Amino acid sequence: MIVVMQTGSTQADIDAVLERLKEYNLQGHLTIGAERTVVAVVGATIPPTLREEMEYFSGVKETVRITQPYKLVSREVRPDDTIVEVRGVKVGGGSTVVIAGPCSVESEEQIMESARAVREAGASMLRGGAFKPRSSPYTFRGLGELGLRLLAQARDETGLPIVTEVMTPTDVDLVARYADVLQIGARNMQNYQLLEEVGRTGMPVLLKRGLSATIEEWLLSAEYVIAQGNPNVILCERGIRTFETATRNTMDLNAVALAKRRTHLPVIADPSHGTGKWYLVGPLALASIAAGADGVILEVHPDPDRAKSDGGQSLNPENFAALMPKIAAVAAAVRG
Ligand code: PEP
Ligand code: MN
């Protein structure tokens, strides 16, 4: 349920609402939007009489039941776009962000070369995994803390904020010391302890959609983060499992457009994992922006043929640089 405050309601009115919710053991999340101030009420059981009771409170305009199972991520609670700010880079709210870099951090030379190349071409953030979730335990699983240190070094030189994955609740403190955005991988989308732990950091979180997760499940996972008081969630569509085997995954662009409608959170797309083929990354990156994505995350490697992970879906720096103006042109066309 949401409690919509009247324009001109006072802080004391809002405090009185929050206070009463506390007496019911409910959480009240305040959203001050351009048009209206609302208190979103979340909790296991909302007493049936609460809606009516709240409508008599001073400064309350009306109460509205939230129809979706997710609450705080819903546009019903916050009609305006959320803008997640990462060291001055804005994600959401009409800009187009390009996050680029290798699948994994492999060496100092490799990450520095990648960072310089993507920076040169105009990327606004650097990606790179130090802790890698791999389908086979016998493949390269990342450099761990050394990888994080190398990412920090790349940020120091290029100024690009870094996006890197955290795989377990116990690693959150460590990864948070280096990262600017904590990536939750597709395989961990429903690791609820991990979601709560990254929620508690208050840091920007990039939440990949699970391989077989419905849009509703994805948004409910975002709700776990926001329920911890952390509104800085960026959703990422990265392709889902379907009957199709010609591509690694199937980019679900319906999900991009629908998520933009259902939630106020920024939504970006990952056509590298979504297609698994470097030559499909460009077309699907453009299609994602056309479908309304707030940006893309792309795997770029200085020498894809020798990459330790995901080389087949990584762009080389030349192809990445050639794609950048096309992304800008599509963004300009769809944003009008
Ligand atoms: C990645 O970004 O390299 C990655 C492992 O992504 P996903 O979790 O979407 O598979
Ligand atoms: Mn990858």
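The values are calculated or read from the model by the stated rules, or taken from the named source; none is laboratory data. All values reported here derive from a predicted model rather than from experimental measurement. Because the Cβ atoms are built from the backbone with ideal geometry, glycine has one as well, and the counts that use them run over all protein chains shown.
Of the residues contained in region 95-115, one or more are found to be surrounded by fewer than 19 Cβ atoms within 10 Å (Cβ to Cβ) and under 30 Å from Arg36 (Cα atoms). Selection of region 92-114 for residues being more than 16 Å from ligand 1 (Cβ to nearest atom) and either assigned to a strand (DSSP E or B) or not hydroxyl-bearing (Ser, Thr, Tyr) (or both) yields Gly92, Gly93, Gly94, Glu108, Glu109, Met112, Glu113. For region 125-147, the condition holds for no residue, the condition being that it is more than 12 Å from ligand 1 (Cβ to nearest atom), touching a residue at least 40 places away in the same chain (Cβ under 8 Å), within 17 Å of Ile99 (Cα to Cα) and among the small types (Gly, Ala, Ser). Looking only at residues that are surrounded by fewer than 12 Cβ atoms within 10 Å (Cβ to Cβ) and not acidic (Asp, Glu) in region 1-31, which one is farthest from Tyr224 (Cα to Cα)? By that ranking, first place goes to Gly8. Meeting the requirement of 3 or more residues that are small (Gly, Ala, Ser) and either within 16 Å of ligand 1 (Cβ to nearest atom) or touching a helix residue (DSSP H, G or I) at 6+ places or on another chain (Cβ under 9 Å) (or both), no strands (runs of 3 or more DSSP E) wholly within region 231-336 can be named.
Closer than 30 Å to Pro79 by Cα, among the aliphatic types (A, V, I, L, M), in contact with a Gly (Cβ under 7 Å, 6 or more places away or on another chain) and buried (at least 16 other Cβ atoms within 10 Å of the Cβ): which single residue out of Ile297, Ile268, Ile327, Ile289 fits that description? Walk me through how you get there before you give the answer.
Values: Ile297 fails: in contact with a Gly (Cβ under 7 Å, 6 or more places away or on another chain); Ile327 fails: in contact with a Gly (Cβ under 7 Å, 6 or more places away or on another chain); Ile289 fails: in contact with a Gly (Cβ under 7 Å, 6 or more places away or on another chain).
Going through Ile297, Ile268, Ile327, Ile289 in turn, the sole match is Ile268.
The residues in region 195-222 that are surrounded by fewer than 21 Cβ atoms within 10 Å (Cβ to Cβ) and charged (D, E, K, R) can be counted, and the count is 4. Would you confirm, using the coordinates I've provided, whether Glu52 is surrounded by fewer than 19 Cβ atoms within 10 Å (Cβ to Cβ), at pLDDT below 95 and in a helix (DSSP H, G or I)? Answer is yes for this residue.
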